[in-house]
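Since the structure comes first, as structure tokens, the remarks are kept for the end.
The values are calculated or read from the model by the stated rules, or taken from the named source; none is laboratory data. All values derive from a computational prediction rather than experimental measurement. A quick note on method: Cβ atoms are made from the backbone with ideal geometry, for glycine too, and the neighbour counts reach across all protein chains shown.
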Amino acid sequence: MAYEAGDADRRFVVPATQWAERDAIESWGFHVDDLADRVDDIESAIAYRDSLLDDRDDLNYEIDGVVIKIDDTAAADALGNTARETRSAFAYKFPARTEMTTITDIVVQVGRTGRLTPVALLEPVQVGGVTVSRATLHNPGEIESLGVDVGDRVRVLRAGDVIPYIEEVVEADSETTFEFPDRCPVCDSPVDRDGPLAFCTGGLGCSAQRERAIEHYVSRGGLDIEGLGPERIAQLREADLLDSLDDLYRLDREELAALEGWGEKSAQNLLDEIDAASEPPLDAFLTALSIPEVGGATATALAREFGDLDALIDADTDALETVDDVGPIVAETIRDFFDNPENRAAIDALLAAGVDPQPVAGVDAGDELDGLTFVFTGSLAASRDDAQSLVEAHGANATGSVSGNTDYLVAGDNAGQRKQDDADDNGVPILTERDFAELLADYGIAWPPDA
């Protein structure tokens, strides 16, 4: 099925209207959507959408709405695009499909950072052609808002026709609301409430957090240790070879090679990857530790400010708040992480196993961008980490959130709307990637970095 035509070599004239383009595509032998229509005004477009909604169940494929486009391609080009979408097209969605079913149980799952997420187990029901047997209840605040409990009959929808979601209680089985546990269902540590959210306070002493922490530690967002995906981690845990982060550095080649699906070569390859990760840059190590609210940019800022792990661990909240992108809430979160005895024990065990985080190299490439602060959002020609490292290498600051101290927000494809709204509120210029490249070129800096 073809929807659009273009010619980078300019060997034919692109039609002047969307409709003529569709006809051209069909004349070339491609399949096109025979339900498309051309109308004269917005009222007729809305009427077309409503008629298609009525016929939705009779189609032999799933649709979740209608895209309304301006027919004149010159007018569409003149309208241009925002960082997130084209201005000449609008997706008019259908209401989400809903069905009713009964909650058979509510279980509480523990995430990597300790966040507790309640999940409703349901009597299986078909919603939009998909069998739904579970739906997230998000957090204890959502449970309280819905007033939901086991046995209740509920209305289930698939948000965006994808994610199962409980919309409302249709018929309550009792007058009670599910009582959220005050202790972690996995490790029995106390549960800490933060507004509508709930967190296990067990840290890396909680086996559920520890398992997900291992997955993150070896992932691309952590130390990028190849050869250890979730399935292999589960296999090593089942074989009692891997229960904590420091166990990674004590894996034995013969024991690995003896496992199903492994051999001497794959075992040695993994051990080589792990050995290469024994002296990680401090910022990568911090990111890999799954410290809540600490992503790559914040980890780099912390590593550069404090120099080594001991200095960071000993830093109080006032010292932490002197770091770019670290406010009172993030500072308190970092302090809580290092004050947790289980987390400290896990870090000490990593160090005892031979892990030696290395100081991050100072900024010495130049000071062309000295005094400027950048925030990046969306997809760019290079990774966001590379973009941040580039401007920092030339004297600028790169932070994760927009404030009155930000000089530029660089918005790539699929840029976050919140950051753009914050930029508008603070009078911060929003640069496209092309604008950013031209700005850097004015300072003699190439973009992308390897250009």
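Return the residue satisfying two criteria in turn: it lies in the stretch 92-151 and is under 28 Å from the mean Cα position of the chain (by Cα) and of a type in the set (Asp, Glu), and of such residues it is farthest from Cys206 (Cα to Cα). The selected residue is Glu144. Residues in the stretch 325-339 that are crowded, with 18+ Cβ neighbours inside 10 Å and in a loop (DSSP other than H, G, I, E, B): Asp325, Val326.
Taken together, the residues in the stretch 226-275 that are within 20 Å of Gly354 (Cβ to Cβ) and at pLDDT below 90 amount to 3. Glu438 meets all of the listed conditions (1) touching a residue at least 12 places away in the same chain (Cβ under 8 Å); (2) surrounded by fewer than 18 Cβ atoms within 10 Å (Cβ to Cβ) but one, namely (1). Report whether or not Leu390 is touching a helix residue (DSSP H, G or I) at 6+ places or on another chain (Cβ under 7 Å) and under 20 Å from Gly296 (Cβ atoms). In short, no.
Listed here are the residues, each with its yes/no results for (1) of a type in the set (Lys, Arg); (2) over 30 Å from Leu59 (Cα atoms).
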| site | (1), (2) |
| --- | --- |
| Pro118 | no, yes |
| Thr136 | no, no |
| Gly151 | no, yes |
| Arg155 | yes, no |
| Glu179 | no, yes |
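Listed here are the residues, each with its yes/no results for (1) closer than 21 Å to Val294 by Cα; (2) modelled with pLDDT under 85.
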| position | (1), (2) |
| --- | --- |
| Gly371 | no, yes |
| Phe374 | yes, no |
| Ala387 | yes, no |
| Asn414 | no, yes |
| Lys419 | yes, no |
| Glu438 | no, no |
| Ala441 | no, no |
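Yes or no: the stretch 293-305 includes at least one residue that is out of contact with any Cys (no Cβ under 9 Å at 6 or more places or on another chain), farther than 20 Å from Asn397 by Cβ and assigned to a loop (DSSP other than H, G, I, E, B). For the stretch 293-305, residues out of contact with any Cys (no Cβ under 9 Å at 6 or more places or on another chain), farther than 20 Å from Asn397 by Cβ and assigned to a loop (DSSP other than H, G, I, E, B): absent.
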